[in-house]
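Student: Take this structure first; my questions come after.
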Amino acid sequence: MASINVVVSGAKGRMGQEVLAALCREPEMTPVAGADLLGGDLLPLPDGSGSILISSNLGEVLDGADVVVDFTNAEGALSAIRTAAPRKVNVVVGSTGISQEGYAEAAALAGEHGTGIIIAPNFALGAVVMIHLAKQAARFFDYADLTEMHHEAKIDAPSGTAIAIAAAAVEGKGGRFVAPAAEKEIIAGTRGGTSSGVTIHSARMPGRVAHHEMVFGALGQTLTIRHDSVNRESFMPGVMMAVRAVGNRPGLTVGLDKILGI
């Protein structure tokens, strides 16, 4: 089997370094280059097996690449897609905060150039299963509170995963949830934000990676579904699964659930 040549966009970041380490463990994948705003010439691979060329310009390091994996931000992800798709290089995106217009642009570029693009709000397999379970459970409940907790450097709130969980619950229910408002809110914003009646709370502090807890409520009972990523390595099996799959999935695929078949 031919090796899958992978370029990592955001290679110097924490997730980029984790992706490089995972690629080094996969016998059928080869990290061939990296891109990062910080630039540089050579970047040592995490396993000590050598170095890869790194550039501040993704387009300069795409020759011979099969897949770009992007963990930067919404703007960086769209820039990677705009650069890679016309070069017939497939893209796997783990960056969150992409707008609906961004998804539409990604779909158009994938269709125009015959490339595969996978965008997933979360690559942890347990988180993907949680989204599925929330959709299944939602029709039995009228109330839903969702809490998401991340590290202090996460720039978007709520998380992309929280938005996906809430959307799945609303879809499963087939309508809005009941979100009772406080008669007297002593501190503004205490009840959190709402999405179709799902009340969402976001917490940020050091010591956390990614945590999501959905609590459904009905008369005299609650149901809690929770997923915790305790380190960034938890995302890597899903990322590697997407890297393997993207070459056989032309067009835009949103969510790892499509690959898992749930």
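The values are calculated or read from the model by the stated rules, or taken from the named source; none is laboratory data. Source: prediction; values computed, not measured. Counting neighbours? That spans all protein chains shown, and the Cβs are built from the backbone with ideal geometry, glycine included.
Student: Before we move on, is GLY39 surrounded by fewer than 22 Cβ atoms within 10 Å (Cβ to Cβ) and closer than 23 Å to TYR103 by Cβ? Reasoning before the result, please.
Tutor: Values: surrounded by fewer than 22 Cβ atoms within 10 Å (Cβ to Cβ): yes; closer than 23 Å to TYR103 by Cβ: no.
For GLY39, the condition - surrounded by fewer than 22 Cβ atoms within 10 Å (Cβ to Cβ) and closer than 23 Å to TYR103 by Cβ - is not met.
Student: Which one of THR115, THR96 is buried (at least 20 other Cβ atoms within 10 Å of the Cβ), within 15 Å of the chain's Cα centre (by Cα) and among the polar types (S, T, N, Q)? Reasoning before the result, please.
Tutor: Values: THR115 fails: within 15 Å of the chain's Cα centre (by Cα).
Checking each option against the conditions leaves just THR96.
Student: So how many residues does segment 6-55 have that are assigned to a strand (DSSP E or B) and within 21 Å of the chain's Cα centre (by Cα)? I'd like the intermediate steps shown before the answer.
Tutor: Here is the first cut: in segment 6-55, the residues assigned to a strand (DSSP E or B) are 6-9, 29-35, 42-44, 51-55.
If we keep only those that are within 21 Å of the chain's Cα centre (by Cα) as well, we get 6-9, 29, 31, 34-35.
Total satisfying the criteria: 8.
Student: Does segment 63-70 include one or more residues that are surrounded by 22 or more Cβ atoms within 10 Å (Cβ to Cβ) and under 15 Å from LYS12 (Cβ atoms)?
Tutor: Of all residues in segment 63-70, those surrounded by 22 or more Cβ atoms within 10 Å (Cβ to Cβ) come to 67-70.
Those still in the list that are under 15 Å from LYS12 (Cβ atoms) too: 69-70.
Checked segment 63-70: at least one residue is surrounded by 22 or more Cβ atoms within 10 Å (Cβ to Cβ) and under 15 Å from LYS12 (Cβ atoms).
Student: Which residues, taken from segment 142-176, are more than 21 Å from HIS211 (Cβ to Cβ) and not in a helix (DSSP H, G or I)? I'd like the intermediate steps shown before the answer.
Tutor: To start, the set of residues in segment 142-176 that are more than 21 Å from HIS211 (Cβ to Cβ) comprises 142, 170-176.
Answer for segment 142-176, where residues must be more than 21 Å from HIS211 (Cβ to Cβ) and not in a helix (DSSP H, G or I): ASP142, GLY174, GLY175, ARG176.
Student: Restricting attention to segment 71-92, and to residues there that are in a loop (DSSP other than H, G, I, E, B) and at pLDDT below 95, which single residue is surrounded by the most Cβ atoms within 10 Å (Cβ to Cβ)? Before you say what the answer is, go through the steps one by one.
Tutor: Filtering segment 71-92 for residues in a loop (DSSP other than H, G, I, E, B) gives 71-73, 88-89.
Among the residues that remain, those that are also at pLDDT below 95 are: 71-73.
Details: PHE71: 27, THR72: 23, ASN73: 17.
So the residue we want is PHE71.
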